[in-house]
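A quick write-up on the structure given underneath.
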Amino acid sequence: MKKALIVIDMQNDFIDGSLETAEALSIVENVKDKIRSYPPECVFATMDTHGPDYLSTQEGRNLPVEHCIRGTEGWKIRPDIEDLLKGTRIFEKPTFGSERLAEELKKEEDLEEIELIGLCTDICVVSNALLIKAALPELKISVDASCCAGVTPKKHLAALETMRSCQINVTGTAPVMISVIYDTRSGNTGKAAEWIACGARRAGAQAACFKTDAVDEEYVRKSSGVIIGCPTYMAQMTADMHRWLQEKAGKLGLGGKLGGAFATEQYTHGGAELVIQSILEMELVFGMEVYSSGNAQGRPCIHIGPVGVNGNQEPHNSLEHYRTYFELYGERMARRAAELFG
Ligand SMILES: Cc1cc2nc3c(=O)[nH]c(=O)nc-3n(C[C@H](O)[C@H](O)[C@H](O)COP(=O)(O)O)c2cc1C
């Protein structure tokens with residue numbers, strides 16, 4: 001056996017029983033497809049298993065919700081998944097990680113790789129992944145995030161991040177989406193928007209640009225990050241952008257998303273950073289998580305947001321000169337969005 005699948009605790013109590021979550025229910029079909037893709041002899045499964053004294057155990061004192069008590073309905077593996085696990089090796093375990101499972105894997109002579117799926121990402125999936133990592137350090141280990149659910153979505157993401165740190169390959173995460181929304185009259189700010197999107201794509205995100213009068217609302221709603229850009233008019237944002245921010249942006253569900261801003265100007269000291277500042281202030285009002293990368297990601301630093309000087313009046317300058325800054329900014333914003341929401 002070269003590659004094995006480990007299915008963690010797909011039991012009724014975690015799906016629609018005493019510790020149910022909507023997220024656990026939502027992964028059931030993915031889990032079934034994944035099990036079908038392996039021959040049964042390459043599949044191992046675990047079952048969280050407690051006795052009637054659960055509430056007086058260490059775990060029970062910390063989580064006083066009875067679950068997976070041997071012999072109860074809640075303890076059983078969900079029936080449609082249990083059918084698919086016929087002929088596989090199933091291990092009962094009294095706590096999060098299964099030492100017996102790790103011992104069994106050690107006996108497999110040709111084993112090169114394992115993939116983990118199941119419940120809950122932040123407790124038993126991560127515990128077993130790290131236990132197996134300790135037992136078999138040369139084994140390749142991956143976790144398919146689309147077949148796992150955490151106690152909460154936030155804890156699911158945090159556990160994936162922890163596993164990444166421990167060199168466990170996380171697959172099955174959808175790319176984060178980034179919207180770049182801009183105003184423009186003569187095209188410069190639109191160009192800068194495309195450069196930002198290009199950098200975001202380079203960092204693995206899906207990115208799209210929209211002029212304020214043609215925003216794809218659904219795309220923006222699904223986006224983890226929204227970056228807003230504007231030309232500088234009289235050292236301020238344009239009246240059109242101001243109106244759009246006041247009248248339209250509030251309806252896009254921007255709260256909680258990563259927010260950033262950029263601007264173009266004609267003169268090196270033309271006031272573009274004031275434009276960025278005003279946009280960022282509006283983003284704070286919408287409840288966005290405002291970010292620029294600042295000096296946290298090394299040089300070149302982009303403290304507030306990138307500015308492009310179009311060079312119409314400055315022969316030594318050109319918008320193209322700022323392209324790499326916009327691209328870098330897009331890359332950094334996408335990476336930050338992935339850290340927060342990926
Ligand atoms: C009405 C108006 C006011 C402007 N005010 C400024 C300004 O205060 N400072 C500056 O550097 N550029 C100023 N500009 C130049 C634009 O900010 C600059 O050309 C910008 O790149 C245009 O972006 P766009 O091509 O996306 O429309 C102004 C342009 C217009 C039309």
Open item on the list: What FRET efficiency comes out for THR152 versus LEU274 if R0 is 41 angstrom and r is the Cβ-Cβ distance? Round to the nearest 0.05.
Closed with: 0.55
Task: Residues whose placed amide H lies under 5 Å from that of VAL143, excluding near-sequence neighbours - done: LEU116, ASN169, VAL170, THR171
- [ ] Could I get the Rg over Rh figure for region 262-314? Both from C-alpha atoms, Rh via Kirkwood, rounded to two places.
- [x] 1.03
Open item on the list: Could you check the spin-label model distance between THR57 and THR162? Points 7 Å from the Cα along Cα→Cβ, value in nm.
Closed with: 1.9
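I need VAL180, VAL309, VAL31 ordered by Cβ neighbour count within 10 Å, fewest first. Walk me through the numbers on the way to the answer.
Values: VAL180 29, VAL309 23, VAL31 26.
Ascending number of Cβ neighbours within 10 Å: VAL309, VAL31, VAL180.
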Task: Among THR162, ASN30, VAL126 the positive-end extreme of the charge dipole of the chain (Cβ point charges) - done: THR162
- [ ] Sort ASP83, ASP16, ASP110, ASP183 so that the residue with the fewest other Cβ atoms within 10 Å of its own Cβ comes first and the one with the most comes last.
- [x] ASP110, ASP83, ASP16, ASP183
TODO: Would you work out the charge dipole size for the chain about its Cα centre, treating the Cβ of every Lys and Arg as +1 and the Cβ of every Asp and Glu as -1, and quote it to the nearest 20 debye?
DONE: 660
Open item on the list: Using the Cα centre of the chain as origin and beta-carbon charges of +1 (Lys, Arg) and -1 (Asp, Glu), tell me which of SER142, THR88, SER223 is placed farthest towards the positive end of the dipole.
Closed with: SER223
- [ ] Measure of size requested: the Rg and Dmax of the chain, with Cα atoms as the atom set and Å as the unit; please supply both.
- [x] 25.2, 81
TODO: Provide, for region 3-171, the number of lysine pairs with alpha carbons under 20 Å apart, each pair being eight or more places apart or on different chains.
DONE: 21
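What does the extension gain come out to for ASP33 and LEU136, with contour length at 0.36 nm per residue minus their alpha carbon separation? Please report the intermediate quantities before stating the final value.
Working: separation 103, 0.36 × 103 = 37.08 nm, distance 2.69 nm.
Stretched out fully, the ASP33 to LEU136 stretch lengthens by 34.4 nm.
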Open item on the list: Kirkwood Rh and Cα-based Rg: tell me the resulting Rg over Rh for region 177-341, rounded to two decimals.
Closed with: 0.93
- [ ] Once you have a ≥ b ≥ c as the square roots of the Cα gyration tensor eigenvalues for region 3-171, tell me rounded if a/c is under 1.5, and otherwise prolate or oblate according to whether a/b is larger than b/c.
- [x] rounded
Task: Exposure proxy order (Cβ contacts within 10 Å, fewest to most) of MET47, MET333, MET234, MET282 - done: MET234, MET47, MET282, MET333
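For CYS301 and ASP83, calculate 0.36 nm times their separation in residues minus their Cα-Cα distance, and state this gained length in nm to one decimal.
Values: separation 218, 0.36 × 218 = 78.48 nm, distance 5.59 nm.
My answer for the length gained is 72.9 nm.
Membrane-span-like helices in the chain: DSSP H runs reaching 15 Å or more (Cα, own axis), mean Kyte hydropathy at least -1.0?
Numbers: long enough: 153-165 (18 Å, -0.69); 188-202 (21 Å, -0.54); 272-285 (20 Å, 1.26); 323-341 (27 Å, -0.62).
Helices passing the filter in the chain: 153-165, 188-202, 272-285, 323-341.
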TODO: List the lysines whose Cα lies under 28 Å from the Cα of LYS211, skipping any in the same chain that are fewer than 8 positions away.
DONE: LYS191, LYS222, LYS248, LYS251, LYS257
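Since every read-out is calculated from the coordinates, none of them should be taken as a lab result. If you're wondering where the values come from, they're calculated on a predicted model, not measured in any experiment. Every residue, glycine among them, receives a Cβ derived from its backbone with ideal geometry; neighbour counts consider all protein chains shown.
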